[in-house]
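Enquirer: Attaching a single structure in structure tokens format; questions to follow.
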Amino acid sequence: MKKTVAKGTARRGFIKKAGAVGIMSLVPAAVRNAAWAAGSDAPEKKEVKIGFIPLTDCSSVVMASVMEFDRKYGIKIVPSKEASWAAVRDKLVNGELDAAHVLYGLIYGVQMGIGGPKKDMAILMNLNHNGQAVTLSRKLYEKGVKDGASLKALVDREKREYTFAQTFPTGTHAMWIYYWLATYGIHPFNDVKAIVVPPPQMVANMRVGNMDGFCVGEPWNNRAIVDGIGFTAETTQGIWKDHPEKTLGTTAEFVQKHPNTARAMTAAIIDAGRWIDASLINRQKTAEVVADRSYVNTDKEVILARMLGRYDNGIGKSWDDPNTMKFYNDGHVTFPYLSDGMWFMTQHRRWGLLKEDVDYLAIAKKVNRIDLYKEAAVMTKTSLPKDPMRSAKLIDGVVWDGKDPKRYAGSFKIKVA
């Protein structure tokens, strides 16, 4: 695909004032006082291969390359389309990929040796909030299912094997669908069956009846509606408003060897996310680009509708969702909150992936590279939050604030004993 050279004009008029004084007060003194010596901040690696899965939320990685935000920071981002999250994991671990658009929980799983090999990992930034969904089959709808409560009633009433797909055992989609099912009294392992299916294969598998429902990122939920085989029972922003989702993930080894490159990648993708969020026109352009065969490979309209927040659940309800997929949101999206990483570990513990409690905060501080992110924030004039922890009330009314993760992980009625 021919690149569009945006240079300065792509950002002028869109970049919001971030308040440099506020930013600098939150950056460590060593960073503030170090005017990088000539050449010392040059990327150690000029070309970086960043893996991605065909999903709408790969957009900031793709646009950082296509719009050439990467050039400003002395690197060339080469997006690499991958077949599955397992492939992304393996290629990150063995060094075939420098970094990846990757599931938050996958990075933590590798860090702790669950769901694959154990290796020290790093999250450089968060890529997006919101924008996933739980899709149920039209066959369930014909049985009277419209939501979680009616699904529970059917599971209790008609005994058979119900199958629900997610995209990776430790990943975000697994945690969202498990949390959603449990909220309505359905144990995701005892009452139904859980399987793993790569995102681009979800619709085809539902079409042939391999599952009753799935959780995946867009555009595959909307694709199932357009194709007439499924409906949206819940959006993930309905489960947790502004939830963490994909990250820019890499290995700790890569960061150690290439700190300037890691910072440059982060800055370029922050700029791309800000550009996407800046206007409806930019979102339309993004949908046009990522719909291409090189990236997501689907109809632009299927991507664009939910990227703009125009939702249709496929069974008669339409609405404009203010909590649609976000890529920047004044820096709230891109900051790698420690509490976000901790939440995924509590759910790994809840569902028996972690066999015992860990030092949740210490691991999050090790994985989420807030130090490098702050440097990239200065470079991009991006605001920083006052606190690396944040709180949220989820769909079941339970508040997560990161203050007592061990108690939180053990507090759920439905869990793996």
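The values are calculated or read from the model by the stated rules, or taken from the named source; none is laboratory data. Keep in mind the model is a prediction, meaning the values are calculated, not measured. Here the Cβ positions follow ideal geometry from the backbone for every residue, glycine too, while neighbour counts run over all protein chains shown. These accessible areas exclude ligands, DNA and RNA; they are computed on the full protein's heavy atoms, side chains included. Shrake-Rupley method; radii C 1.70, N 1.55, O 1.52, S 1.80 Å.
Enquirer: Hey, any hits in region 236-256 for a residue that's open to solvent by 10 Å² or more (accessible area, probe 1.4 Å), within 25 Å of Met175 (Cβ to Cβ) and over 21 Å from the mean Cα position of the chain (by Cα)?
Expert: Checked against the condition, which is being open to solvent by 10 Å² or more (accessible area, probe 1.4 Å), within 25 Å of Met175 (Cβ to Cβ) and over 21 Å from the mean Cα position of the chain (by Cα), region 236-256 yields no hits at all.
Enquirer: Which condition number does Asp320 fail, the rest of (1) among the acidic types (Asp, Glu); (2) more than 20 Å from Gly105 (Cα to Cα); (3) touching a residue at least 60 places away in the same chain (Cβ under 8 Å) being met?
Expert: So Asp320 meets the others, but not (3).
Enquirer: I need every pair where a residue in region 144-159 that is within 18 Å of Thr236 (Cα to Cα) and modelled with pLDDT of 95 or more has its Cβ under 7 Å from the Cβ of a residue that is open to solvent by 60 Å² or more (accessible area, probe 1.4 Å) and not in a helix (DSSP H, G or I), sequence separation at least 6 or different chains.
Expert: Listed pairs, sorted by first residue: Gly148/Tyr184; Ala149/Tyr184; Leu151/Tyr184.
Enquirer: Pairs needed: first member in region 280-303, of a type in the set (Asp, Glu); second member anywhere, part of a helix (DSSP H, G or I) and open to solvent by 10 Å² or more (accessible area, probe 1.4 Å); C-beta distance under 7 Å; at least 6 residues apart or different chains.
Expert: Glu288/Lys300
Enquirer: Among the residues of region 90-124, which ones are at positive phi and in contact (Cβ under 8 Å) with a residue 24 or more places away in the chain? Don't jump to the end; show me each part of the working.
Expert: To start, the set of residues in region 90-124 that are at positive phi comprises 95, 113, 115-116.
Hits for region 90-124 are Gly95, Gly115, Gly116.
Enquirer: Now for a separate question. Any residue that is open to solvent by 40 Å² or more (accessible area, probe 1.4 Å), in contact (Cβ under 8 Å) with a residue 12 or more places away in the chain and touching a Pro at 6+ places or on another chain (Cβ under 8 Å) - is there at least one of those in region 196-219? Break it down stepwise before answering.
Expert: Applying the first criterion (open to solvent by 40 Å² or more (accessible area, probe 1.4 Å)) to region 196-219 yields 196, 200-201, 204, 207-210.
When the remaining residues are screened for being in contact (Cβ under 8 Å) with a residue 12 or more places away in the chain, the result is 196, 200, 207, 209-210.
Still in the running and touching a Pro at 6+ places or on another chain (Cβ under 8 Å): 196, 200.
Yes, some residue in region 196-219 is open to solvent by 40 Å² or more (accessible area, probe 1.4 Å), in contact (Cβ under 8 Å) with a residue 12 or more places away in the chain and touching a Pro at 6+ places or on another chain (Cβ under 8 Å).
Enquirer: While we're looking at this one, here's another question. Of all the residues that make up region 381-393, how many are touching a residue at least 12 places away in the same chain (Cβ under 8 Å) and within 21 Å of the chain's Cα centre (by Cα)?
Expert: Looking only at region 381-393, we keep the residues that are touching a residue at least 12 places away in the same chain (Cβ under 8 Å), and these are 381-386, 388-392.
Checking the rest, the ones that are also within 21 Å of the chain's Cα centre (by Cα) come to 382-385, 388-392.
Total meeting the criteria: 9.
Enquirer: Quick check on this structure: which one of Pro188, Pro169 is under 23 Å from Gln237 (Cα atoms), surrounded by 18 or more Cβ atoms within 10 Å (Cβ to Cβ), modelled with pLDDT of 95 or more and more than 20 Å from the chain's Cα centre (by Cα)?
Expert: Numbers: Pro169 fails: more than 20 Å from the chain's Cα centre (by Cα).
Only one candidate qualifies: Pro188.
Enquirer: Scan region 280-295 and tell me whether some residue there is under 28 Å from Ala83 (Cβ atoms), crowded, with 24+ Cβ neighbours inside 10 Å and among the small types (Gly, Ala, Ser).
Expert: Yes, there is a match, as at least one residue in region 280-295 is under 28 Å from Ala83 (Cβ atoms), crowded, with 24+ Cβ neighbours inside 10 Å and among the small types (Gly, Ala, Ser).
Enquirer: Look at region 90-108 and say how many of its residues are over 15 Å from the mean Cα position of the chain (by Cα) and either at pLDDT below 95 or more than 23 Å from Glu44 (Cβ to Cβ) (or both). Break it down into steps so the answer makes sense when it comes.
Expert: Start the filter on region 90-108 by keeping residues that are over 15 Å from the mean Cα position of the chain (by Cα), which leaves 90-98.
From what's left, either at pLDDT below 95 or more than 23 Å from Glu44 (Cβ to Cβ) (or both): 90.
The total comes to 1.
Enquirer: Could I ask something else about it? Got a number for residues in region 193-207 being within 28 Å of Phe412 (Cα to Cα) and touching a helix residue (DSSP H, G or I) at 6+ places or on another chain (Cβ under 7 Å)? Spell out how you get there, then give the answer.
Expert: Taking region 193-207 as the starting set, the residues that turn out to be within 28 Å of Phe412 (Cα to Cα) are 193-197.
Within this subset, residues satisfying the condition of being touching a helix residue (DSSP H, G or I) at 6+ places or on another chain (Cβ under 7 Å) are 197.
Total meeting the criteria: 1.
Condition check ((1) in contact with a Phe, Trp or Tyr (Cβ under 9 Å, 6 or more places away or on another chain); (2) farther than 27 Å from Val102 by Cα; (3) in a helix (DSSP H, G or I)) across all residues:
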position: Gly144; (1), (2), (3): no, yes, no
position: Ala149; (1), (2), (3): yes, yes, yes
position: Trp180; (1), (2), (3): no, no, yes
position: Ile186; (1), (2), (3): yes, yes, no
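Enquirer: Within region 208-288, considering only helices (runs of 4 or more DSSP H) that don't extend past its boundaries, which have at least 1 residues that are under 21 Å from Asp321 (Cβ atoms)?
Expert: Where helices (runs of 4 or more DSSP H) fall fully within region 208-288 and carry at least 1 residues being under 21 Å from Asp321 (Cβ atoms), they are 220-226, 236-239, 259-277.
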